[in-house]
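Right, one structure below, let's go through it.
The values are calculated or read from the model by the stated rules, or taken from the named source; none is laboratory data. Small disclaimer: the values here were computed from a predicted structure and weren't measured. Cβ placement follows ideal geometry from the backbone for every residue including glycine, while neighbour counts extend to all protein chains displayed. Please note that ligands, DNA and RNA were not included when accessible areas were found on the heavy atoms of the full protein model with its side chains. Shrake-Rupley method; radii C 1.70, N 1.55, O 1.52, S 1.80 Å.
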Amino acid sequence: MNNPQLNQDGQLKHLLSIEGLPKAILKQILDTAESFVGVAEREVKKVPLLRGKTVCNIFFENSTRTRTTFEIAAKRLSADVLNLNVGTSSQAKGESILDTVNNLIAMHADMFVVRHSQSGAAHFIAQHVAPHIHVINAGDGRHSHPTQGLLDVFTIRRYKPDMHNLRVALVGDVLHSRVARSEIHALTTLGVPEIRVIAPKTLLPVQVEKLGVQVYHDMHEGLKGVDVVMMLRLQNERMNGALLPSAQEYFKTYGLTQEKLALAHPDAIVMHPGPMNRGVEIDSAVADGSQSVILPQVTYGIAVRMAVMAILAGSTI
Ligand code: CP
């Protein structure tokens, strides 16, 4: 089947979703990211791979980590970076998303990093741009957040190199989480044998088992012996109606505390894509504790996003 993310030689031309990406491309991104980790340790934190290129960040939805790390990553690759402030742009006057993009292409933008609350927004743009333009999905609705999924598996691989011998638990609001979907696809593609989701029924997609995960509703059962605990934010902004009794009740049952974490493998790492709701899905003692790799996730996000942009820029039409 035609994959809109790949060119006819099977090279990555857009990054829209992890679903459907071949294992070889995931590995190419992770291995390339590995080579970029050291750039941050240099006195001059720059490589010339995107010199002369313009990367345009268009975020229709709020972001702290993704937007800034894409900007840092593009600058470390020596690109020119343009951050469109959507709130003060002509979008407010009714300009369509494609007209906005085409105007930026007229200014010689080469690559777009797009976040949107509507699933499929980045895919839609990718379908309508010229072949030399690259589009990266920086999160679309509940659908996909491929660079987050990639930086999560990159972080896991750094701390737990034997991916074929891992138990990973994703805990919380899987239903509304584009991160969970991307991560499950990345983990299964990379051959992680046991992926668990732990959540109340109201926060799980119908037939979630079809994604290749084991379902748990009880934290005490689901956390037993896992090597990685990935906490997910309660996405109140995407919920229609009350899916939970209260934040306090949720924390009691599904919040990660030191006591619950003790059920996991003693060397288990704790992850969270951010932003965190402390005291709702995770206790501060765990978020800031010795097993937390939440801030290293952010740091590795720069190398992973550098890798994605460098690979896209190197792909041929
Ligand atoms: N993880 C993540 O997407 O964070 P931001 O919303 O801050 O970009």
> Where Lys and Arg each count +1 and Asp and Glu each count -1, what net charge lies around Q297 among other residues with Cβ under 15 Å from its Cβ?
Replying inline: +3
>> If you split all Cα-Cα distances of the chain into 10 Å bins from zero, what percentages do you get per bin, shortest first?
In response: 6, 28, 34, 23, 9, 1
> Which of the peptides 11-19, 99-107 is most tightly packed, and how do the rest follow, going by the mean number of other Cβ atoms within 10 Å of each residue?
Replying inline: 11-19, 99-107
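Using just the Cα positions, wrap segment 146-293 in a convex hull and report its mean projected area in square nanometres, one decimal place.
Values: hull surface 31.3 nm².
Computed as one quarter of the Cα hull surface, the answer is 7.8 nm².
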> What figure in square angstrom, to the nearest 10, would you give for the accessible area of R67 with a 1.4 Å probe?
Replying inline: 60
> Along segment 113-124, what does the Karplus equation 6.51 cos²θ - 1.76 cosθ + 1.60 (θ = phi - 60°) give for ³J(HN,Hα), rounded to whole Hz, x for Gly and Pro?
Replying inline: 10, 10, 10, 8, 6, 8, 4, x, 4, 5, 4, 4
> Tell me, what is the per residue accessible area of the chain in Å², probe radius 1.4 Å?
Replying inline: 43
> Computed FRET efficiency, Cβ-Cβ of L98 and T68, R0 35 Å: what is it to the nearest 0.05?
Replying inline: 0.85
> Excluding same-chain residues fewer than 8 positions from K27, which lysines have a Cα within less than 30 Å of its Cα?
Replying inline: K13, K45, K46, K53, K75, K160, K210, K224
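Could you work out the local net charge near S144, counting Lys and Arg as +1, Asp and Glu as -1, over the other residues with Cβ closer than 12 Å to its Cβ? It would help to have the intermediate numbers written out before the result.
Working: positive: R115, R142, R178, R181; negative: E19, D140, E183.
Net charge in that neighbourhood comes out at +1.
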> At what distance in angstrom do the alpha carbon centres of segment 122-165 and segment 192-210 lie from each other?
Replying inline: 20
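By how many nm would the segment from K210 to N83 lengthen if fully extended, with 0.36 nm per residue of separation less the alpha-carbon distance?
Working: separation 127, 0.36 × 127 = 45.72 nm, distance 3.83 nm.
Stretched out fully, the K210 to N83 stretch lengthens by 41.9 nm.
Per-residue ellipticity at 222 nm for the chain, helices alone: DSSP H runs ≥ 4 residues times -39500 (n - 2.57), over residue total, nearest 500 deg cm²/dmol? Intermediate results must be reported in sequence, preceding the final value.
Details: 11 runs with 112 residues, N = 317.
The per-residue figure over the chain is -10500 deg cm²/dmol.
Given segment 241-303, report the % of alpha carbon pairs whose separation exceeds 20 Å. Let's see the in-between values first.
Values: 639 of 1953 pairs.
Summing the P(r) of segment 241-303 above 20 Å gives 33 percent of all pairs.
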> Considering segment 64-111, what Rg and Dmax in Å follow from its alpha-carbon atoms?
Replying inline: 12.2, 34
> Of F124, F154, F59, which has the most accessible area and how do the rest follow, probe 1.4 Å?
Replying inline: F124, F59, F154
> Taking 0.36 nm per intervening residue step and subtracting the Cα-Cα distance, what contour gain separates H108 from K45 on full extension?
Replying inline: 20.2 nm
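Roll a 1.4 angstrom probe over the protein heavy atoms and tell me the percent of accessible area of the chain that is carbon or sulfur. Present the calculation step by step, with values, prior to reporting the outcome.
Values: 7000 of 13790 Å².
Accessible surface attributable to carbon and sulfur in the chain totals 51 percent.
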> Relative contact order of the chain: what whole-number percent is it, with Cα pairs under 8 angstrom and at least 6 residues apart?
Replying inline: 21
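A285 to T299: extension gain in nm, 0.36 nm per residue of separation minus the Cα-Cα distance?
On the way: separation 14, 0.36 × 14 = 5.04 nm, distance 2.10 nm.
Stretched out fully, the A285 to T299 stretch lengthens by 2.9 nm.
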>> Using a 7 Å offset from the Cα along the Cα-to-Cβ direction at both H217 and T253, what is the distance between the two label points in nm, to one decimal?
In response: 0.8
